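Taking it in order: structure first as structure tokens, then the write-up.
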Amino acid sequence: MAQESKSSFDRKWWKEAVVYQIYPRSFKDTDGDGVGDLKGIISKLDYIKSLGVDVVWLNPIYGSPNADNGYDISDYQAIMKEFGTMEDFDTLLKGMHERGLKLVMDLVVNHSSDEHKWFQESRKSRDNPYRDYYHWWPAEKGKPAFRPGAFEADGSGWRYDKQTDSYYLHYFSYKQPDLNWENPKLRQEIFAMMNWWFKKGIDGFRMDVIPFIAKDTTFPVITQEELNKDYHGRWDIYMASGPHLHDYLKEMNKEVLSKYDCMALAEGAGMIKETALNFVDPDRKELDMGYHFEGTNLGYIPGYFKKMNPNWSLVEFKKIYSDWDAVYAKKGWGTIYLGNHDQPRMTSRWGNDSPQFRVLSSKLLTTFLLTMRGTPYYYNGDEIGMVNAKFDKIDDYRDIETLAEYEKVKNAGGDLKQFIEDQKTGGARDNGRTPFQWDATKNGGFSNGNPWLKVNDNYSYLNAKVQDKDPNSNLNYFRKMTRLRKSNLALIYGKYTLLDKENPNVYAYTRELNGKKLLILLNFTSKNAKVNTDVSIKNAKVLINNYTTVSKSTELRPYEAIVYELK
Ligand code: NOJ
């Protein structure tokens with residue numbers, strides 16, 4: 001890396017990192033209860049290190065009754081019983097730091113669990129000292145104006161609580177009441193808790209739905225029609241832009257983040273291009289990066305629950321990622337991801353999971369993720385090319401969101417069979433949450449017990465052990481790609497230029513820094529496809545190719561991915 005000038009960009013470790021996301025519940029179970037645990041992650045630290053990643057983001061591991069798999073926290077300073085103990089956590093953190101890996105925790109502070117002691121107190125009486133830790137609406141004022149409750153079959157974000165004859169707000173399930181950030185005491189509690197984790201030595205936070213924390217507490221009327229205007233009910237306008245949002249983020253930066261060499265990532269629900277820099281412009285001293293939903297929402301058919309249009313447009317896909325790159329062209333920093341615990345498997349969704357193209361298309365997507373500008377967030381299991389669970393029965397699903405959506409369809413007298421079919425290719429989150437496939441033994445080596453979610457049957461041939469030995473496997477391709485990114489600063493900081501914009505089959509772009517120029521060609525289809533560009537590849541050097549034979553042609557083979565260094 002040393003040969004390139006440092007003057008043209010502001011280098012930071014979190015810009016140069018590849019982040020590996022671990023869904024602890026499904027990673028590795030060591031005590032046979034069918035649920036992954038911290039000891040399981042500890043046992044796999046050498047594997048994680050071998051991937052060439054730098055940062056691990058763990059989904060929530062705090063005390064939780066698990067209505068939403070840990071996104072409903074009842075104790076922010078404890079470890080979830082199923083996952084282990086604080087001692088296990090300390091061992092994990094130490095083991096990571098010894099290997100040069102950093103640890104990023106999930107911060108879920110838009111809401112807590114209704115079993116958190118704050119809420120238990122808050123609901124007791126209208127004059128309880130914790131009353132204002134949450135948003136309450138006294139019933140004598142009539143019904144509050146509609147707000148969406150994402151994981152409720154009736155769609156409502158308010159729940160009536162008899163004890164004090166009031167409604168409380170919950171943007172997700174009724175088990176996840178929204179915290180009242182307008183209350184300075186609440187903010188101080190949160191900042192103290194964050195400082196406590198930083199003092200333990202963690203390296204950053206991924207902040208769950210952080211744009212939602214601030215609210216207009218007059219709760220003005222929003223009609224259902226307005227909310228329906230796009231797939232996400234105009235999150236950007238109605239939920240993600242509370243009047244004091246940026247005051248709170250600045251305060252968080254001052255009270256917490258500025259004191260450490262850490263990274264802060266916003267889950268950018270409702271984050272739009274026009275205002276994204278307000279979160280991450282370094283001069284504003286708020287957060288470091290955010291991840292938007294425009295890319296992963298592409299191709300969903302309006303009016304259905306995450307039903308995917310199989311003919312989504314690559315031209316639109318390219319436009320989304322190019323436009324977002326432009327947002328951070330001069331300032332701020334972006335991210336890039338295709339999979340996470342809220343998404344179906346990237347290979348099933350954006351590639352092709354048929355036996356013929358699974359391996360190739362998965363490598364193609366890995367090439368895309370590791371050659372774009374912005375920090376890549378790579379989801380566990382994608383390195384071995386895991387695919388959607390495609391459950392046939394609603395009983396196999398565990399996710400609160402899918403179950404609520406199923407209820408909605410049922411209550412409306414809709415087509416339940418079709419709903420199940422749609423989830424196989426579409427958005428059911430359990431598609432991406434099935435246990436990690438370590439080897440060909442029982443339950444893919446994930447657990448000796450009864451896994452909390454069914455293991456994908458394909459584990460007998462699709463697993464990390466088999467792939468570790470195969471030089472052409474997805475796993476070893478991912479390792480090569482992390483090395484390639486690390487050894488080419490142009491892939492991290494280099495200028496991104498889209499080529500052959502209207503080509504419906506090929507995604508082509510260059511990355512350029514200090515005289516070094518790389519060309520990336522990705523054929524997103526199952527047919528041969530030609531790229532039309534005057535960039536000459538005649539003297540170019542192939543840095544990586546997802547086929548075992550190199551063709552060096554402008555006609556790409558199905559799902560072919562190539563990275564060239566141009567001469
Ligand atoms: C976003 C998280 O990624 C998702 O898993 C969770 O259900 C919601 N926020 C609510 O916390």
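Brief remarks on what is shown
- Radius 12 Å from Cβ of H246, net charge of other residues (Lys, Arg +1; Asp, Glu -1): -1
- Among the trypsin sites (Lys or Arg not before Pro) within segment 374-408, those in coil by DSSP and having at most 13 neighbouring Cβ atoms inside 10 Å are K393.
- In this simple spin-label model, placing a label point 7 Å from the Cα along the Cα-to-Cβ direction at both K141 and E225 gives a separation of 2.6 nm.
- Amide H contacts under 5 Å for A269: V209, I210, restricted to partners 5 or more places along the chain or on a different chain, H placed in the peptide plane at 1.01 Å from N.
- Candidates per trypsin sites (Lys or Arg not before Pro) in segment 1-103, loop by DSSP, up to 16 other Cβ within 10 Å: K6, R11, K12, R99
- Annotation for segment 88-135: chymotrypsin sites (Phe, Trp or Tyr not before Pro) lying in DSSP loop with at most 13 further Cβ atoms inside 10 Å of their Cβ do not exist.
- Using a simple spin-label model with pseudo-atoms 7 Å out from Cα toward Cβ, Q356 and H97 lie 5.3 nm apart.
- Efficiency of FRET between L566 and W312 - r from beta-carbon atoms, R0 41 angstrom, step 0.05: 0.85
- Taking all protein chains into account, the per residue accessible area for the chain stands at 39 Å² (1.4 Å probe).
- For the pair segment 395-431 / segment 114-134, the C-alpha centres are spaced 34 Å from each other.
- Net length available on complete extension from N195 to E502 is 105.7 nm, with 0.36 nm assigned per residue and the Cα-Cα distance removed.
- Our note on the geometry: Cα centres of segment 56-82 and segment 209-272, 22 Å apart.
- Charge tally around D281: other residues with Cβ under 11 Å, Lys/Arg +1 each, Asp/Glu -1 each, net +1.
- Segment 496-565 - percent relative contact order, Cα under 8 Å, separation 6 or more: 33 percent
- Residues whose placed amide H lies under 5 Å from that of M263, excluding near-sequence neighbours: G204, F205
- Candidates G157, Y171, L38 compared by Cα position along the dipole of the chain: farthest toward the positive end lies L38, with charges placed on Cβ.
- Extension gain for K495-N472 works out to 5.3 nm (0.36 nm per residue, less the C-alpha to C-alpha distance).
- Cα gyration tensor shape of segment 495-567, rounded if a/c is under 1.5, else prolate or oblate by comparing a/b with b/c: oblate
- Volume per residue of the C-alpha convex hull in segment 256-326, rounded to whole Å³: 115 Å³
- For Y20, distant residues with modelled amide H under 5 Å away: D54, V55, V56, W57, Y378
- Cα-based convex hull, the chain, per residue volume (Å³, whole number): 146 Å³
- Relative contact order (%) - criterion: Cα under 8 Å, at least six apart; region: the chain: 13 percent
- Dipole size of the chain about its Cα centre, with +1 on Lys/Arg Cβ and -1 on Asp/Glu Cβ: approximately 1980 debye, rounded to the nearest 20.
- Centre-to-centre separation between the Cα atoms of segment 487-518 and those of segment 146-177: 46 Å.
- Phi angles of segment 386-393 translate, via the Karplus equation with coefficients 6.51, -1.76, 1.60 and θ = phi - 60°, into HN-Hα couplings of 4, 10, 3, 5, 6, 5, 8, 10 Hz per residue; Gly and Pro are given as x.
- A412 paired with W13, simple spin-label distance in nm, labels 7 Å along Cα-to-beta-carbon: 4.8 nm
- Here the relative contact order of segment 415-567, from alpha carbon pairs under 8 Å that lie six or more residues apart, stands at 15 percent.
- Note that segment 242-253 has calculated 3J(HN,Hα) couplings of x, x, 10, 3, 6, 5, 5, 5, 5, 5, 4, 4 Hz, one per residue in order, obtained from phi through the Karplus relation 6.51 cos²θ - 1.76 cosθ + 1.60 (θ = phi - 60°); glycine and proline are x.
- Backbone HN-Hα couplings from phi across segment 458-466 [Karplus 6.51/-1.76/1.60, Hz, Gly and Pro as x]: 6, 4, 4, 10, 9, 8, 5, 5, 4
- Oblate is the label for segment 109-186. Its Cα gyration tensor axes, ordered a ≥ b ≥ c, give a/c of at least 1.5 and b/c at or above a/b.
- Residues D33 and Q163, FRET efficiency given R0 of 41 Å [Cβ-Cβ distance, rounded to 0.05]: 0.75
- Global form of segment 127-286, assessed from the alpha-carbon gyration tensor, a/c cut-off 1.5: oblate
- A viscosity of 1.567 mPa s and a temperature of 4 °C, combined with the Kirkwood radius over C-alpha pairs in the Stokes-Einstein formula, give segment 264-403 a diffusion coefficient of 79 µm²/s.
The values are calculated or read from the model by the stated rules, or taken from the named source; none is laboratory data. All values derive from a computational prediction rather than experimental measurement. Glycine gets a Cβ as well: all are built from the backbone with ideal geometry, and neighbour counts include every protein chain shown. Note: accessible area is taken over every heavy atom of the protein model, side chains too, but ligands, DNA and RNA are not part of it. Shrake-Rupley method; radii C 1.70, N 1.55, O 1.52, S 1.80 Å.
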